[in-house]
Every structure is written in C-alpha cells, then in structure tokens.
Amino acid sequence: MLIAPSMLACDFRHIGPEATRALEAGADWLHLDVMDGSFVDNISFGPDICAAIRRSVPEDAYLDAHLMIDAPDHYLPRFIKAGMNMITIHVEREGAIDLHATLAAIRAAGAHAGLAVNPATPVEKVLPYLEELDMVLVMSVVPGFGGQSFMADVLDKVRRLDAERKARSLTFLIQMDGGIGAAQAPLCKEAGADCLVAGSSTFRAPDMAAAIASMK
Ligand code: DX5
Ligand code: ZN
C-alpha cells in the first residue's frame, strides 16, 4: 500500500522541511492539493509552490499533483515544468474541457495521468477513460478541505474499478483521498485501493513515522 501524505496539512511556514519530514517518516509519495477557489471552495497553492517542493526533495521523490481546478488543460505545462510525476484531473470537468486530450498531453509530457471522481459523481463517468489512465482517484470526502470524515459508501466505487481493472487486464492504480487514517486503511485495501492520501492523520500525528507505519 502506497501512502501519500497531503502537503495541505503541513505547516506552510516550513513547506520544504515538511516535505522532507514526510519522506523521512516513510511516505511513498507526496500529494499536492492544488485548488483554484472555483472548482472547489478553497485556494491552496499553485505551480510555483509545487516547484519549490520539487526543489526541496531528492530527485527521485514522487510528487503527486491533485488538480482541483477548472482549467487543468491551460495550466498543465506549468505543472509539468514544476516536475510533477503524477497529474490528476477531475472527471467533473468533462464537457468543459477535453479530458481525453488533457490526459494524452500529461502522458506525452512524460508524467503519469490520473482521473479523480467526487463522492457525488457516479463511477460510470470514469469507465470510458480507464485505458488512458495510470491512476483513478476516488474521493472519500467532498474536495476542498482537509480534516473531514471518511465517506465509506465510496468503497463500492473502488470495488467496481478493481473489477473493471481485472476484467480489462489493466494496471492503473486506485487511490483514495480524504478522511483516511489507520482505521480506514484496511477497508480501502479490502476494496482494492493501492494508494492512500492522508493529510491530518500524518502531518498532524504526534509521530508521523508511526502513523504511516500503522496505515501500511
Ligand atoms: C481534499 C484533499 C485531500 C485532503 C486530505 O480536498 O484532496 O487531499 O487534503 O486531507 P485529510 O487526510 O485531512 O482528509
Ligand atoms: Zn487530494
């Protein structure tokens, strides 16, 4: 199980050292929550901060950017330039932007491509894209803020995606994000998840290494 601490929950006064602290505590990936104040009701940080995090960590650190923004197609080149390894966009922007083209552009730039699905969005929305994806992100909270409660009903989406993955012989990862700690990790694993995003339960834990180890 990959554990991806969300930088949204770190101490923003020391964002570089916080990234290092997470990696030294055993984080597999670092999750970077980008919010534009329009797609979600919050503003976090953009490509320049992502680039600063990139410069703060070893070259082989895997940076996972979750773009909760209206125009991921427009901003994509800046996140590529910032050195993101995975770039996840939201299926809810279908119709407003060309998701197929944006996913192809992510991969053409040498990054991995992810597609996220909000709790209120049916999982069927992502099924037409599975062949084009390195990861599906199943949101287990309404995106915008850390520290919310895990919505267990989304586990059915994970089960469905895992079944589709087997049926179609695909290898995309399934990531879950929101309200996840040691109590939720076994449920996510049982449903078929491969990667867990965790903000509050890692950065705000008294011992981050122990928190990550207990999730694993
Ligand atoms: C929510 C973000 C999550 C969030 C997770 O909009 O996508 O990544 O930071 O934080 P916790 O683990 O505190 O729910
Ligand atoms: Zn996220």
Next item on the list: In debye, nearest 20, what is the charge dipole magnitude of the chain about its Cα centre with +1 on Lys and Arg Cβ and -1 on Asp and Glu Cβ, if you could check?
Entry: 260 debye
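With the convex hull built on the Cα atoms of the chain, state its orientation-averaged projected area in nm².
Answer in nm², one decimal: 10.6.
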Item checked: For q = 0.15, 0.21, 0.25 Å⁻¹, Debye-computed log10 I/I(0) when each Cα of the stretch 141-194 counts as one equal scatterer -> -0.43, -0.76, -0.97
Notebook entry, point to check: Excluding Asn85 itself, what net charge comes from residues whose Cβ is under 14 Å from its Cβ, given Lys and Arg +1 and Asp and Glu -1?
Noted result: -2
Check: Which net charge results for the neighbourhood of Tyr62, defined as the other residues with beta-carbon distances under 13 angstrom from its beta-carbon, given Lys and Arg at +1 and Asp and Glu at -1?
Finding: -4
Notebook entry, point to check: Measuring with a 1.4 Å probe in the full set of protein chains, what accessible area per residue, in whole Å², belongs to the stretch 8-132?
Noted result: 44 Å²
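The values are calculated or read from the model by the stated rules, or taken from the named source; none is laboratory data. Because the structure is predicted, anything quoted here is derived from the model rather than measured. Cβ sites come from the backbone with ideal geometry, for glycine too, and all protein chains shown count toward neighbours. Heads up: the accessible areas ignore ligands, DNA and RNA and are worked out on the full protein's heavy atoms, side chains in. Shrake-Rupley method; radii C 1.70, N 1.55, O 1.52, S 1.80 Å.
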